[in-house]
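The values are calculated or read from the model by the stated rules, or taken from the named source; none is laboratory data. As the structure is a prediction and not an experimental result, all values here were calculated from the model. Note that each Cβ is placed from the backbone with ideal geometry, even for glycine, and that neighbours are counted across all protein chains shown.
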Amino acid sequence: MLAVGIVGATGYAGAELVRILAGHPQVDLRILTSRQYAGQAFSDIYPAFQGLTELVCQPYDSQRISAETDLVFTALPHQIPMSIVPGLLANGLRVIDLSADYRFENAADYEAHYEPHQNPELLTKAVYGLSEVYRDSIKSAQLIGNPGCYPTSVLLPLVPLLKAGLIDGRLLIADAKSGVSGAGRTPSLVTHFCEVHESFKAYKVADHRHNPEMDAILSKAADRPLHISFVPHLVPMSRGMLTTIYTQPQPSVTAAQIDECLQAYFDPCPFVRLLGWDRFPSTRAVRGTNYCDIGYRLDPRGKHLILIAAIDNLVKGAAGQAVQNMNLMMGWDESMGLDAPPFPL
Ligand SMILES: NC(=O)c1ccc[n+]([C@@H]2O[C@H](COP(=O)([O-])OP(=O)(O)OC[C@H]3O[C@@H](n4cnc5c(N)ncnc54)[C@H](OP(=O)(O)O)[C@@H]3O)[C@@H](O)[C@H]2O)c1
């Protein structure tokens with residue numbers, strides 16, 4: 001059994017990790033950390049876990065976590081992981097970080113949108129954890145920068161088509177909607193029930209921190225600098241993400257080529273379900289699962305290709321993909337612990 005710790009276990013992403021790992025057959029969940037809830041049973045904070053775990057939250061202690069675990073998930077606000085990850089790596093642990101701290105290859109990109117980086121030398125060591133795209137590098141990584149939820153939903157449909165040269169990268173627009181848990185558990189005016197209930201709004205239009213993360217990976221896939229215009233929206237549901245992407249195929253590209261490209265790319269990928277040209281994804285169908293459902297359509301008049309992806313922001317967009325990456329790192333079946341069927345309603 002693999003001894004695992006979660007740093008920041010009481011946040012939404014951390015709690016989702018507890019949920020998934022509690023049912024993972026090869027994981028012994030040993031340590032959950034929290035500052036606010038140190039000394040309290042995890043099941044007192046999240047009553048859904050009554051009878052499922054007896055773990056008590058404890059303050060972060062690098063010696064203890066290094067002595068008692070082999071792999072650590074850091075589910076903390078950005079900037080905090082970079083102060084603890086080097087110590088964990090030096091003690092021989094594997095680390096999967098859910099924040100943005102290790103998602104960028106170069107420090108300047110990170111620093112332009114976040115904070116000064118305390119250990120930029122680790123950025124080239126870290127592997128971007130978009131499981132379907134970087135599977136081979138993930139297998140041998142010690143440190144994973146787990147992708148953002150918006151980037152996961154934007155990159156999965158686009159990367160195969162860009163790699164194959166089937167779409168014209170000059171037109172790239174993504175319109176995405178996220179459930180409120182994407183903002184984390186700390187209460188704020190923006191996420192206040194009365195502010196979000198029965199309302200729907202755009203925010204950080206063309207100014208979201210996930211945009212440069214998308215641009216970096218899209219540019220890598222196309223092998224030339226690309227930019228996607230990205231507009232996120234907050235929708236009044238607790239979890240789920242639906243992203244609509246507008247792009248343009250190269251002039252001679254046929255619908256059959258697009259279909260074949262996506263099908264071939266995702267054939268070995270258990271969590272990407274291609275719905276084809278006439279069925280479109282919904283957040284309900286992926287709720288609580290690690291699936292990314294993708295539907296697509298050619299607009300015959302505008303010659304636009306429209307791709308629509310749905311994920312659960314807390315699962316494929318965070319904890320589920322992190323566990324998928326752990327499975328790959330450990331040489332296990334990538335679906336292990338992630339194969340619970342979805343809710344039909
Ligand atoms: N929510 C999503 O859909 C989602 C998706 C993809 C990636 N992520 C990323 O995952 C990470 C966690 O997100 P979240 O949504 O779970 O956030 P959250 O609900 O706000 O939880 C943050 C966790 O970090 C701990 N924490 C906060 N400030 C800390 C500090 N200064 N030092 C140490 N611990 C601190 C909190 O517990 P204590 O205050 O008790 O220590 C809590 O357990 C973020 O980097 C986020 O960007 C989230």
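Determine, yes or no, whether Gly5 is in contact with a Ser or Thr (Cβ under 8 Å, 6 or more places away or on another chain), small (Gly, Ala, Ser) and in a strand (DSSP E or B).
When the stated conditions are applied, Gly5 passes them.
What are the residue pairs meeting all of these: first residue in region 117-143, first residue farther than 20 Å from Ile80 by Cβ, second residue modelled with pLDDT of 95 or more and of a type in the set (Gly, Ala, Ser), Cβ atoms under 8 Å, and 6 or more apart or on different chains?
Filtered contacts from region 117-143: Val127/Ser137; Val127/Ala141; Val127/Gly145; Val133/Ala221; Ile138/Gly129; Ile138/Ser131; Lys139/Gly331; Ala141/Ala126.
Which one of Thr289, Thr254, Thr283 is β-branched (Val, Ile, Thr) and in contact with a strand residue (DSSP E or B) (Cβ under 8 Å, 6 or more places away or on another chain)?
Residue meeting the stated conditions: Thr283.
Check region 18-35 and report whether any residue there is closer than 15 Å to Ser62 by Cα, more than 7 Å from the ligand (Cβ to nearest atom), touching a strand residue (DSSP E or B) at 6+ places or on another chain (Cβ under 8 Å) and among the hydrophobic types (A, V, I, L, M, F, W, C).
yes
Of these, Pro281, Pro251, which one is out of contact with any Ser or Thr (no Cβ under 9 Å at 6 or more places or on another chain) and at pLDDT below 95?
Being out of contact with any Ser or Thr (no Cβ under 9 Å at 6 or more places or on another chain) and at pLDDT below 95 holds for just one of Pro281, Pro251, which is Pro251.
Could you grab the pairs with beta carbons closer than 8 Å, sequence gap of 6+ or different chains, first residue in region 252-281 and surrounded by fewer than 16 Cβ atoms within 10 Å (Cβ to Cβ), second one part of a helix (DSSP H, G or I) and among the aliphatic types (A, V, I, L, M)?
Every condition considered, the pairs that remain are Trp277/Ala255.
State yes or no: is Val235 at pLDDT 95 or above and touching a Lys or Arg at 6+ places or on another chain (Cβ under 9 Å)?
So Val235 fits the description; yes.
For region 36-90, which fully contained helices (runs of 4 or more DSSP H) count at least 3 residues that are of a type outside the set (Ser, Thr, Tyr) and more than 15 Å from the ligand (Cβ to nearest atom)?
Those helices (runs of 4 or more DSSP H) span 62-68, 81-90.
Within region 212-244, track down each residue that is of a type outside the set (A, V, I, L, M), touching a residue at least 24 places away in the same chain (Cβ under 8 Å) and in contact with a His (Cβ under 9 Å, 6 or more places away or on another chain).
Pro212, Glu213, Phe230, Pro232, Pro236
Taking the condition of being out of contact with any helix residue (DSSP H, G or I) (no Cβ under 6 Å at 6 or more places or on another chain) and in a strand (DSSP E or B), how many residues in region 285-307 meet it?
Adding up the residues that qualify gives 7.
Given the condition touching a residue at least 24 places away in the same chain (Cβ under 8 Å), within 16 Å of the ligand (Cβ to nearest atom) and touching a strand residue (DSSP E or B) at 6+ places or on another chain (Cβ under 7 Å), answer yes or no: does some residue in region 317-324 qualify?
yes
Can you name every residue in region 154-185 that is modelled with pLDDT of 95 or more and not hydrophobic (A, V, I, L, M, F, W, C)?
Listed by number, the residues that qualify are Pro157, Pro160, Lys163, Gly165, Asp175, Lys177, Ser178, Gly179, Ser181, Gly182, Gly184, Arg185.
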